[in-house]
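Structure first, then comments.
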Amino acid sequence: MNYEHIFEQAIERLHSEGRYRVFIDILRNKGAYPNARCFAGHNGPKPITVWCSNDYLSMGQHPKVIEAMEEALHDVGAGSGGTRNIGGNTHYHIELEQELADLHGKEGALLFTSGYVSNDATLSTLAKLLPGCVIFSDELNHASMIAGIRNSGCEKKVWRHNDLEHLEELLAATDPNLPKLVAFESVYSMDGDIAPIHAICDLAEKYNALTYIDEVHAVGMYGPRGGGITDRDEAAHRINIIEGTLGKAFGVMGGYIAADQKVIDCIRSYAPGFIFTTSLSPVLVAGVLASVKHLKSSSAEREAQQHSAATLKQMFRDAGLPVMNSTTHIVPLMVGDPVKAKKISDILLAEYGAYVQPINFPTVPRGTERLRFTPGPTHTEAMMRSLTDALVEIWERLEMRLAA
């Protein structure tokens with residue numbers, strides 16, 4: 001058995017399909033985001049503009065966040081010291097969970113090391129605690145949700161994306177005596193569309209199902225206090241479990257769930273992904289705590305980000321670029337070919353100093369490869385105009401069609 005050859009073939013398949021991922025070597029410039037330095041393929045660092053960060057509101061650069069992290073570092077040191085059960089439960093963790101529970105109007109919250117882990121651990125544990133549970137999963141749910149559902153070992157029924165008729169058809173065909181869980185997202189990050197939350201809750205209530213919503217691309221971004229789409233649409237009280245991330249709009253790292261205290265206690269007590277992992281560093285938790293508190297009272301960052309997203313979408317449309325019809329802060333530009341998507345990304349970085357990663361299969365279906373832009377409150381209109389002009393030039397160079 002030639003193991004090395006097998007691995008070589010696996011990597012070569014990715015290259016041949018245009019799906020081989022290259023991780024760019026950069027450093028962000030503190031206090032000057034979206035400006036950064038790129039170290040890949042250059043004699044020295046080259047200045048670039050970042051267009052694809054999930055630090056949507058630039059909170060990773062916010063003075064309050066940095067100050068809180070520095071203060072915690074000098075107060076308690078770097079690491080947490082272990083799992084939450086053994087040495088890794090600090091006052092920072094407890095205070096942040098209280099803030100997150102309050103953000104979503106829930107009795108409790110629970111921190112995880114990432115949004116991926118919070119989805120995987122919670123969904124897999126929930127279903128195991130509910131005998132015979134059937135999970136109803138939107139077909140565009142994130143890989144972490146799919147992993148959690150698969151790891152639960154329970155029956156899964158996939159409903160067509162945001163298709164309420166199909167969801168009801170599946171719910172109605174399921175034994176009414178079985179526990180049910182409807183799992184979906186609020187903002188779908190690749191298309192930038194939003195779930196009809198109240199209508200889904202109506203169906204869940206009609207068929208006595210629990211609801212689980214992934215708000216990772218919405219927390220911090222929407223609602224008067226940044227509680228997400230459920231905050232904006234006044235739907236949080238109708239959702240049993242709200243899951244979010246601390247690494248996107250909040251600008252640091254980690255994941256969490258917010259729910260009734262009994263649910264929180266069950267996940268805390270039964271989920272291996274929570275029990276057996278070192279807790280988040282108190283330095284990170286202190287930074288998130290400052291970010292959450294700030295965004296609860298400040299809408300300036302949200303409003304500036306939404307303005308930037310709307311401006312870039314309009315510039316793309318005016319230039320004839322194939323911008324997808326996103327209703328959120330996500331600005332996806334359809335390419336439809338993995339090789340061309342990678343080529344456009346490479347030219348933007350090498351010739352124009354604009355960094356955006358191509359989004360290819362399996363993140364999106366084959367034939368829908370795209371570039372995904374996330375303009376933030378600190379991207380200027382001049383930056384957007386330069387980016388638009390660069391994309392038009394590349395589109396023409398590669399003989400791709402622009403709208404009339």
For the stretch 210-261, what's the radius of gyration and Dmax over Cα atoms, in angstrom?
10.3, 30
Counting only protein heavy atoms and a 1.4 Å probe, tell me what percentage of the chain's accessible area is made up of carbon and sulfur.
53
Averaged per residue, the 1.4 Å probe accessible area of the stretch 136-220, protein heavy atoms only, in Å², is roughly 39
Which one, T380, A218, A236, is farthest towards the positive end of the dipole of the chain when Lys and Arg carry +1 and Asp and Glu -1 on their Cβ?
T380
Descending semi-axes in whole angstrom, ellipsoid equivalent of the chain, from the Cα gyration tensor:
34, 27, 22
Among 200-213, 86-99, what's the highest-first ranking by average C-beta atoms within 10 angstrom per residue?
200-213, 86-99
Any idea what Rg and Dmax come out to for the stretch 124-174 if you just take the C-alpha atoms, in Å?
11.0, 28
Between beta-carbons, use under 14 Å as the cut-off and find the net charge around S298, counting Lys and Arg +1, Asp and Glu -1.
+3
If one takes the longest principal axis of the Cα atoms in the chain, at what angle in degrees, from 0 to 90 and to the nearest 10, does the Cα axis of helix 282-297 lie?
90
Percent antiparallel among DSSP beta bridges with both residues in the chain, to the nearest 5?
60
Not counting ligands, DNA or RNA, and with a 1.4 Å probe, what is V263's accessible surface area in Å² rounded to the nearest 10?
40
How high is the FRET efficiency between E169 and R366 when r is their beta carbon distance and R₀ equals 30 Å, given to the nearest 0.05?
0.65
So, counting K/R as plus one and D/E as minus one, what does the shell of residues with Cβ under 10 Å around A218 add up to?
-2
Rounded to the nearest whole Å², what accessible area per residue is found for the stretch 308-404 with the 1.4 Å probe?
43
Which FRET efficiency value, to the nearest 0.05, is calculated for N208 and A143 with the Förster distance at 30 angstrom and r the Cβ-Cβ distance?
0.55
Give me the net charge for the shell around T90: Cβ to Cβ below 13 angstrom, other residues only, Lys and Arg +1, Asp and Glu -1.
-2
So for each of 1-9, 157-165 I average, over its residues, the number of other beta carbons within 10 Å; can you give me the resulting order with the highest mean first?
157-165, 1-9
With n ≥ 4 as the cut-off for DSSP H runs, can you work out [θ] at 222 nm for the chain, using -39500 (n - 2.57) per run divided by the number of residues, rounded to the nearest 500?
-13500 deg cm²/dmol
Full extension from V392 to A40: what is 0.36 nm times the residue separation minus their Cα-Cα distance, to one decimal in nm?
124.2 nm
Compute the long axis of helix 197-206 from its Cα atoms, compare it with the longest principal axis of the Cα atoms of the chain, and write down the angle in degrees, 0 to 90, nearest 10.
30
Anchor K206: aspartates and glutamates whose Cα lies under 14 Å away (excluding residues fewer than 8 positions away in-chain)
E165, E168, E169, D175
When each of K106/K296; K180/K293; K157/K342; K248/K343; K64/K106 is checked by Cα-Cα distance, pairs over 23 Å
K180/K293; K157/K342; K248/K343; K64/K106
Full-stretch length increase - A382, T327 - with 0.36 nm per residue and alpha-carbon distance subtracted
17.5 nm
Over the stretch 142-241, the quotient of the Cα radius of gyration and 2.2 N^0.38 Å is 1.07
How long is the gain from D260 to F23 if the chain were fully straight, where each residue apart is worth 0.36 nm and the alpha carbon distance is subtracted?
81.4 nm
Calculate how many DSSP beta bridges within the stretch 21-160 are antiparallel, expressed in % of all such bridges and rounded to the nearest 5.
60
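The values are calculated or read from the model by the stated rules, or taken from the named source; none is laboratory data. No experiment lies behind these values; they were computed from the predicted model shown. As a convention, Cβ positions derive from the backbone with ideal geometry for all residues, glycine included, and neighbour counts pool all protein chains shown. Quick note on the areas: whole protein, heavy atoms, side chains included, nothing else; ligands and nucleic acids left out. Shrake-Rupley method; radii C 1.70, N 1.55, O 1.52, S 1.80 Å.
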